[in-house]
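Enquirer: Pasting in a structure now, in structure tokens, and then I'll have a few things to ask.
The values are calculated or read from the model by the stated rules, or taken from the named source; none is laboratory data. Treat the numbers as computed from the prediction; the structure is a model and nothing was measured. Using ideal geometry, Cβ is built from the backbone for each residue, glycine included, and neighbour counts are taken over all protein chains shown.
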Amino acid sequence: MAKQQANEGANEHTSIAGLTTESPQASRGLKNRHIQLIAIAGTIGTGLFLGAGKTISMTGPSIIFAYLIIGIVMFIFLRTIGEMLYVDPSQHSFLNFITKYLGKRAGYFSQWSYWLVLVFVCIAELTAMGTYIQFWLPKVPLWLIEIVMLVLLFSLNTLNAKFFGETEFWFAIIKVVAIIALIFTAVILLFGNYSYINEVTHSHAHVSLTNITRGFQLFPNGPWHFIGSLQMVMFAFTSMEFIGMTAAETANPRKTLPRAINQIPVRILIFYIGALLAIMSIFNWHDIPADKSPFVMVFSLIGIKWAAALINFVVLTSAGSALNSTLFSATRNMYSLAALHPSKFTSRFTKVSKNNVPINALWFVGILTLFAPVLSLLSGISWIGNAFDFASSCTTNLYLIVYLLTLFTYLKFRKSSDFREDGFKTPLYKVLVPFTILIFVLIFLSLFTNSSTQLPAIGAVIWTIIFSAFLIYGWLREKQNNRA
């Protein structure tokens, strides 16, 4: 989902997801129309299109509160990184601030963890793409489709990356139009007093706002199902930090950054809350299957026989766009890390092709992404479960760790001399930042209670412990050498 990196690939000295390699000033080439629409679409995850049915079935109309809670904490999180970027837009990303305020070891850990997040995003999106294509090619093995699509997108990433901004702009339009069409349909049906025969219950149903309020319970399936829904909602919102980094890549970041971040609550209300209210006003939440997209149900209801194919196309383009740009970003992250932390292993990843593509880094990321077809072959094994759920859980876990480090970084920033009273200040930070930390910790702990997310959660803890032990060992060796 790293869309803001789109126009920067031609220059190997550019800032890649916050890691400046050789020049402190990266090119700022995205046009305003790219920024605006990509920022809007950046708040819309594919989880909304396919995962809304599952989250609604878990907790009913109170799913609105789950989206509001996560929306609020993500907005606060974005305000914190926005405040730091506003003070020093040359850093381009929050990752550099972790190094600045928590130390180089914390920064080193966060940079590699963030790169690993991007690799897992590649795996998750490739798995999703294979699943969507299998809708039209059901007899073709999922792992084979994934390999073919990876080869295709790998080949595209070997070319010059200048077309990324324009490509992502049009991909963004597809998602936005699909959600607006859903909301517009619900409004027409609502005011038209529309009635229909429910395919699930085979009873007479009516489009009405009372479908949302009738028999309302805050936790209809228990509080743990509500907490479990927070995990899924969180996955839909991850990568929203790219909006802040996108704004930081414009010609006037101190003007664009506050506007881009402050518009996020309105976008959440329209695209997430609006879409969910539209769905639940058409269908009583008890009648929405967990394994079916409500978007398909709505468009089928109004007579679009190819509704399933339409929504499948929307999510396919969304996943394809995400995989393409995340391959791009993960490759540049690998290149930047190799340049920032040279060693015998990493030095080979600084090689750049004639198209200014870090070709060895691209090969490395591509090979790691091949883990997706391996997961698909292993899918169904008890400790793996669903391949997409496994990969997306790994993504959410590592995102939460990096996000938490960023919030602690922000608290250090507020006590530093860099803080500006006339800056883009986070409101009520003494209350809202600890609240955001609490919610992130709660979501992370809840991952251990679900069989499909338990193993990735344990893996994230092991990764953190091993990496921290490695850094502590290096620090002790360095201290011992200094004494000698």
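Enquirer: So A52 ticks every box in (1) hydrophobic (A, V, I, L, M, F, W, C); (2) in a helix (DSSP H, G or I); (3) modelled with pLDDT of 90 or more but one. Which box is left unticked?
Expert: (3) is the only condition that A52 fails.
Enquirer: List the pairs whose first member sits in the range 201-218 and is without any contact (Cβ under 8 Å) to a residue 60 or more places away in the chain, whose second member is outside any loop (DSSP other than H, G, I, E, B) and β-branched (V, I, T), and whose Cβ atoms are under 9 Å apart, counting only residues at least 6 apart or on separate chains?
Expert: The qualifying pairs are S203/I197; H204/I197.
Enquirer: May I ask you to list the residues in the range 106-131 that are farther than 30 Å from Y410 by Cβ and at pLDDT 85 or above?
Expert: Scanning the range 106-131 gives L126, T127, M129, G130.
Enquirer: In the set K354, K430, K425, which member is free of Cβ contacts under 8 Å to residues at least 24 places away in the same chain, surrounded by fewer than 23 Cβ atoms within 10 Å (Cβ to Cβ) and in a loop (DSSP other than H, G, I, E, B)?
Expert: On the way: K430 fails: in a loop (DSSP other than H, G, I, E, B); K425 fails: free of Cβ contacts under 8 Å to residues at least 24 places away in the same chain.
None of the others qualify; the one that does is K354.
Enquirer: Something else about it: When you scan the range 315-334, do you find a residue that is outside any helix (DSSP H, G or I), touching a Pro at 6+ places or on another chain (Cβ under 7 Å) and either in contact (Cβ under 8 Å) with a residue 12 or more places away in the chain or surrounded by fewer than 24 Cβ atoms within 10 Å (Cβ to Cβ) (or both), even just one?
Expert: Within the range 315-334, none of the residues are outside any helix (DSSP H, G or I), touching a Pro at 6+ places or on another chain (Cβ under 7 Å) and either in contact (Cβ under 8 Å) with a residue 12 or more places away in the chain or surrounded by fewer than 24 Cβ atoms within 10 Å (Cβ to Cβ) (or both).
Enquirer: Looking only at the range 433-456, decide whether some residue is farther than 23 Å from I227 by Cβ and in contact with a helix residue (DSSP H, G or I) (Cβ under 6 Å, 6 or more places away or on another chain).
Expert: No: the range 433-456 contains no residue that is farther than 23 Å from I227 by Cβ and in contact with a helix residue (DSSP H, G or I) (Cβ under 6 Å, 6 or more places away or on another chain).
Enquirer: When you scan the range 183-218, how many residues do you find that are touching a Ser or Thr at 6+ places or on another chain (Cβ under 7 Å) and surrounded by 11 or more Cβ atoms within 10 Å (Cβ to Cβ)?
Expert: Here the count works out to 10.
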